[in-house]
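The values are calculated or read from the model by the stated rules, or taken from the named source; none is laboratory data. It should be emphasised that the depicted structure is a prediction, and the values quoted were computed from it without experimental measurement. Reconstructed Cβ throughout: ideal geometry from the backbone, glycine too, with neighbour counts over all protein chains shown. Accessible surface is based on the protein model in full, side chains and every heavy atom, while ligands, DNA and RNA are left aside. Shrake-Rupley method; radii C 1.70, N 1.55, O 1.52, S 1.80 Å.
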Amino acid sequence: MAGLDADRHMQADADEWQESEEPVEHIPFSHTRYPEKEMVKRAQDFYELLSKRRSVRFISDEQIPMEVIDNVIKTAGTAPSGAHTEPWTFVAVKDPDMKHQIREIIEEEEEINYMKRMGPRWVTDLKKLRTNWIKEYLDTAPVLILIFKQVHGFAANGKKKIHYYNEISVSIACGILLAALQNAGLVTVTTTPLNCGPRLRMLLGRPPHEKLLVLLPVGYPSKEATVPDLRRKTLDQIMVTV
């Protein structure tokens, strides 16, 4: 009887998931090829732009155009994803009361993280960055972007749809989002609120199959903004040519 019950459970679980969809039509690929000198210049210019990107924790309360936020999120949405499942949700928070509630949740959990969960080595490694559990930028930044990964989706018939490599896919989208923000002249700091995901998901009314991955406070740097004087690894330290 136990084996029969297990078989029935497995069949019921299988019935919840959508089978493979119909094939998608393929169309000719449109590509712009640049002359070699222009390629080199474009690559160098893009590197120089991105090399100026820094994690900024001092963000002005000056408002920013929402059209820019719309476009950088659309840009992030161009990221590749496993089986083109696009397993991401970007929540842009502008409301001051909602931002403050987010700050309260994060600071409450972060104080516990720093005092107990993270351990002395992690806390020591962060000292050079002068960071702690006080996150004033969550109030001052005009927009907070919370990026959720969808661990699965839903087909039109309501059945669950597998989201392959959902965390890797969303992480790639986050990288593109950081580049898009830098390109637009805005700053942010990449945060991953430890132990805050479920409470923030419920606060924002997101469904259970969405899990918080990254939170980005977005805006202009404050006039008093400082950053650590850090150096990035050189090319020969990060690249191997075979």
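Distances between placed amide hydrogens fall under 5 Å for ILE59 paired with SER222, all partners being 5 or more residues away or on another chain. Protein-only accessible surface at a 1.4 angstrom probe places the residues LYS160, LYS223 in the order LYS223, LYS160, largest first.
Under 20 Å from a point 7 Å along the Cα-to-Cβ line of ASN195: which residues of segment 133-153 have their amide N that close? Under 20 Å, as judged by backbone N against the label point of ASN195, lie 133-136 of segment 133-153. Using the alpha carbons alone, the radius of gyration of the chain stands to its Kirkwood radius in an Rg to Rh ratio of 1.03.
Our note on the geometry: Cα centres of segment 59-96 and segment 162-229, 9 Å apart. Near the amide H of VAL214, within less than 5 Å, lie the amide hydrogens of ILE147, all on another chain or at least 5 residues away, with H placed in the peptide plane. Given in Å, the Rg to one decimal and the Dmax to the nearest whole number for the Cα atoms of segment 140-242 are 17.5, 54.
Per atom type, the chain shows carbon and sulfur on 55% of its accessible surface, probed at 1.4 Å.
For the chain, the solvent-accessible area works out to 68 Å² per residue, with a probe of 1.4 Å and every protein chain left in place. With a Förster radius of 35 Å applied to the C-beta separation of ARG54 and MET202, the computed FRET efficiency comes to 0.60. Helices assigned as whole DSSP H runs in the chain whose Cα atoms extend at least 18 Å along their own long axis and whose mean Kyte-Doolittle hydropathy is 0.0 or higher are found at 166-184. Beta bridges from DSSP with both residues in the chain: antiparallel share about 90 percent, rounded to the nearest 5.
Among residues other than PRO142 whose Cβ falls under 12 Å from its Cβ, what is the net charge (Lys/Arg +1, Asp/Glu -1)? Here the count lands on -2. Summing charges over neighbours of GLY77, with a neighbour being any other residue whose Cβ is under 12 Å away from its Cβ, gives -1 when K and R count +1 and D and E count -1. Each Lys or Arg adds one and each Asp or Glu subtracts one; over the other residues with Cβ under 10 Å from the Cβ of TRP88, this totals -1. The eigenvalues of the Cα gyration tensor, multiplied by 5 and square-rooted, give segment 182-242 an equivalent ellipsoid with semi-axes of 31, 21, 11 Å from largest to smallest. Amide H to amide H, with H built 1.01 Å from N, ILE64 comes under 5 Å of no residue 5 or more places away or on another chain.
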